[in-house]
Each structure stands twice: as C-alpha cells, then as structure tokens.
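One structure below.
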Amino acid sequence: MKLSSFFYFARFGISTILFGREDPILGTIIVTDRCNLSCRHCSVNNLTSVMHPYEQLQQEMQQLYGMGVRILFFCGGETFLWRDGEKTLRDLVVEAKRIGFLIVNTVTNGTFPLDLPEADLILLSLDGDRERHNAIRGDTYDCIMENVKNAASDRICFYMAINQINKGAIRDVCQAARDIKQVRAVSFNFHTPYPDTQDLALSREEKAACCRLIAQMMDEGAPVFNLKSAFPALIDNTFPTPCRQCVVMENGKLSTCGRCVEVPDLCGRCGYFFVAEYTQLFRGNIKVLCEMLKTYLKYI
C-alpha cells in the first residue's frame with residue numbers, strides 16, 4: 001500500500017470514529033450477474049444475465065468516488081465474462097485507477113485466465129479441496145489451479161465461503177494459499193443463508209470450531225486475510241448490521257452494505273467477515289484497529 005493511501009485511510013478511520021460518520025469508504029459495482037457456473041450456495045447468478053454497458057459503469061464509478069469511496073470491488077456474476085464491444089474487465093480496472101480509487105479489486109470464480117496485473121487484489125473463489133470445491137462449483141478445481149499458476153501477477157487472494165459441504169476443508173485452502181507462490185492470502189466468510197440455501201448454514205458451534213481452526217492456521221503461519229479479534233462477534237452474530245461504510249451499486253441501484261440487505265432477517269445471520277471487522281473498527285475497537293493495520297499493510 002502506498003504511504004499516501006495509508007494516511008488517507010487513517011484520516012478517514014479517525015474521523016469516522018471520533019465524529020460517528022457514516023460515509024462510505026468501500027464500494028462494490030456489479031458489472032453483470034451472468035455466470036458460467038451454477039454454484040450450490042449462490043442465489044444471485046443469472047437472474048438477468050445483462051452485461052451493464054461501459055458508460056453506465058463509468059458513471060457509477062464516478063458516483064461512488066464522489067461519495068468518498070476509495071476501495072472499489074468489481075463483482076458479478078463472473079467478472080471476466082463482462083464485455084462491452086472491445087472493452088473488458090481490464091478496461092474497467094484501468095478506468096477506476098484513472099478516476100482515483102486507491103485500491104481496486106475484482107472477484108472471480110477463477111475459471112478464466114487471470115490476466116489482470118492492474119488489480120490490487122484478485123479475490124478468487126476456492127471452496128475447499130478438489131472434492132468439496134467441485135461438489136459446490138462443478139468440475140472446476142483443476143482449471144482454476146492451472147489459471148492461478150499461470151496468473152500475470154502474485155496478487156491473488158483465495159476467497160472461501162464456509163458452509164456445510166466444505167467446513168472440513170479450511171486447512172486445505174490455508175495450505176494451498178501458503179504453498180502457491182502466486183497467492184498472497186486466503187479470506188474467509190461464513191455462508192449467508194439466502195432463503196433457498198438455508199440448509200448450507202452453520203450453527204454457532206460449527207462457526208466457533210471453524211474460527212478456532214482458522215486461528216490455529218494463522219498461528220502456524222498461514223496467510224489469512226481476516227482478523228481474529230472479530231471472531232467472537234462473527235460466531236454470535238453480535239456485530240451491528242448493515243455496515244454503513246460499505247455500499248453496493250447494481251444497475252444504478254445503490255444499497256448499503258450488500259444486496260442481501262433487503263432480504264428479511266438475513267442481516268441478523270450475516271456471515272461476511274469484513275462486515276464484522278469494519279463495523280467494529282469504525283466503532284473504535286482498538287484490537288480490531290491494530291490487527292487490521294498489521295494485516296492490510298502485509299497483504300495489500
């Protein structure tokens with residue numbers, strides 16, 4: 001992370017804590033919901049299959065930047081499917097950098113070549129070892145691993161949603177993140193149970209066991225891009241939701257925190273680690289603040 005970016009985020013965090021601000025700092029733009037996969041845990045793919053046009057996405061970037069967002073994510077659907085004429089995802093990342101976003105990341109299922117050196121992080125969905133990942137996402141594990149090893153940069157972060165199918169594969173993904181040179185870290189979430197995927201949700205006891213294992217892997221040197229200090233709130237779902245410092249833009253519609261915010265009772269079962277981390281950070285939790293500084297400076 002550039003020193004200038006660090007000081008910008010430090011000022012934002014201090015002013016948010018001191019004055020109770022609710023201005024956003026992290027924004028996500030959904031470039032399309034079209035996806036080449038039909039994953040067991042996903043409720044938001046191929047609802048419209050619309051590729052949002054470049055000019056619209058450019059305007060959405062400008063809008064988010066004007067609101068104060070400086071960390072931008074491109075999400076899908078599958079982001080590498082996005083096209084508008086000759087423009088590709090790479091053009092969106094380059095434009096976001098030109099506009100002035102300090103950190104630009106993209107989320108992908110990893111089944112396309114990872115030729116995106118301009119991105120600060122590529123968050124790649126890996127949901128376990130070969131057997132359990134393929135049980136969730138179809139026969140894609142080997143393709144993904146080949147794309148990772150041929151990636152244009154080492155800015156890949158595995159992104160695992162822990163559910164009833166893959167809860168036994170946390171160690172496997174941590175070891176893969178540690179052993180593959182193109183991968184910087186792994187970031188975990190718990191499955192957030194949309195109404196059609198409630199059977200995949202974890203109990204409190206299962207979440208606690210997963211957090212104990214993740215913490216153990218961190219102690220053993222696994223590169224985990226999460227904060228142990230936020231685990232108790234995640235286990236008990238005691239963190240405040242929604243996170244006012246995060247917004248999502250999809251086809252001109254702005255949502256606070258995420259698209260799931262409109263699903264009744266779903267916020268109370270949120271499994272997103274970053275929501276627990278950010279909400280506690282901006283309420284002045286010193287342990288979270290210190291751990292986040294250490295973690296972000298290490299991996300971004």
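Failed condition for L123, given (1) without any contact (Cβ under 8 Å) to a residue 12 or more places away in the chain; (2) crowded, with 16+ Cβ neighbours inside 10 Å; (3) in contact with a strand residue (DSSP E or B) (Cβ under 9 Å, 6 or more places away or on another chain), with all others met?
It is condition (1) that L123 fails.
For residues that are in contact (Cβ under 8 Å) with a residue 12 or more places away in the chain and acidic (D, E), scanning just the range 78-87, find the one that is most open to solvent (accessible area, probe 1.4 Å).
Within the range 78-87, the match that is most open to solvent (accessible area, probe 1.4 Å) is D84.
Considering (1) more than 25 Å from G77 (Cβ to Cβ); (2) out of contact with any strand residue (DSSP E or B) (no Cβ under 9 Å at 6 or more places or on another chain); (3) among the charged types (D, E, K, R), say which one K298 fails and leave the rest.
So K298 meets the others, but not (2).
Give me the residue from the range 169-184 that is closer than 18 Å to D129 by Cβ and touching a helix residue (DSSP H, G or I) at 6+ places or on another chain (Cβ under 7 Å) and, out of that set, surrounded by the most Cβ atoms within 10 Å (Cβ to Cβ).
C174
Residue-wise test of (1) within 26 Å of R90 (Cα to Cα); (2) part of a strand (DSSP E or B); (3) aliphatic (A, V, I, L, M).
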| position | (1), (2), (3) |
| --- | --- |
| I136 | no, no, yes |
| N147 | yes, no, no |
| Q164 | no, no, no |
| C174 | no, no, no |
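Quick check: anything in the range 272-279 of a type outside the set (S, T, N, Q) and surrounded by fewer than 20 Cβ atoms within 10 Å (Cβ to Cβ)?
Yes, that holds for at least one residue.
To keep it simple, each residue is scored yes or no on (1) at pLDDT 95 or above; (2) in contact with a helix residue (DSSP H, G or I) (Cβ under 7 Å, 6 or more places away or on another chain); (3) among the polar types (S, T, N, Q); (4) more than 20 Å from R171 (Cβ to Cβ).
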site: E78; (1), (2), (3), (4): yes, no, no, yes
site: G85; (1), (2), (3), (4): yes, no, no, yes
site: R98; (1), (2), (3), (4): yes, no, no, yes
site: F112; (1), (2), (3), (4): yes, yes, no, yes
site: G128; (1), (2), (3), (4): yes, yes, no, no
site: E131; (1), (2), (3), (4): yes, no, no, no
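Any residue at all in the range 213-223 that is crowded, with 22+ Cβ neighbours inside 10 Å, of a type outside the set (S, T, N, Q) and closer than 22 Å to T106 by Cβ?
Within the range 213-223, not a single residue is crowded, with 22+ Cβ neighbours inside 10 Å, of a type outside the set (S, T, N, Q) and closer than 22 Å to T106 by Cβ.
Let me confirm something: among Y194, Y159, Y141, which residue is open to solvent by 50 Å² or more (accessible area, probe 1.4 Å) and among the hydroxyl-bearing types (S, T, Y)?
Y159
Give the residues of the range 59-90 that are polar (S, T, N, Q) and touching a strand residue (DSSP E or B) at 6+ places or on another chain (Cβ under 8 Å), sorted by residue number.
Q63, T79, listed by residue number.
So, in the range 240-270, of the ones that are assigned to a loop (DSSP other than H, G, I, E, B) and surrounded by 20 or more Cβ atoms within 10 Å (Cβ to Cβ), which residue ends up modelled with the lowest pLDDT?
This residue is G258.
Given the options R70, R90, R21, R98, name the one that is of a type outside the set (S, T, N, Q), in contact with a Gly (Cβ under 9 Å, 6 or more places away or on another chain) and surrounded by fewer than 21 Cβ atoms within 10 Å (Cβ to Cβ).
Just a single option satisfies the conditions, and that option is R70.
Picking from C42, C75, which residue would you name as being under 22 Å from C143 (Cα atoms) and open to solvent by 30 Å² or more (accessible area, probe 1.4 Å)?
Testing whether each residue is under 22 Å from C143 (Cα atoms) and open to solvent by 30 Å² or more (accessible area, probe 1.4 Å) leaves just C42.
Among (1) surrounded by fewer than 22 Cβ atoms within 10 Å (Cβ to Cβ); (2) within 19 Å of the chain's Cα centre (by Cα), where does T108 come up short?
The one condition T108 does not meet is (1).
How about the range 192-233: which of its residues are over 14 Å from N163 (Cα atoms) and assigned to a loop (DSSP other than H, G, I, E, B)?
The answer is E220, G221, A222, P223, F225, N226, L227.
Sort through I99, I136 and tell me the only one that's of a type in the set (V, I, T) and more than 20 Å from the chain's Cα centre (by Cα).
Just a single option satisfies the conditions, and that option is I99.
In the range 225-239, how many residues are open to solvent by less than 10 Å² (accessible area, probe 1.4 Å) and of a type in the set (S, T, N, Q)?
Counting residues in the range 225-239 that are open to solvent by less than 10 Å² (accessible area, probe 1.4 Å) and of a type in the set (S, T, N, Q) gives 1.
The values are calculated or read from the model by the stated rules, or taken from the named source; none is laboratory data. Computed from a predicted structure; not experimentally measured. Because the Cβ atoms are built from the backbone with ideal geometry, glycine has one as well, and the counts that use them run over all protein chains shown. Each accessible area value is taken on the protein alone, full model and side chains, heavy atoms only, with ligands, DNA and RNA left out. Shrake-Rupley method; radii C 1.70, N 1.55, O 1.52, S 1.80 Å.
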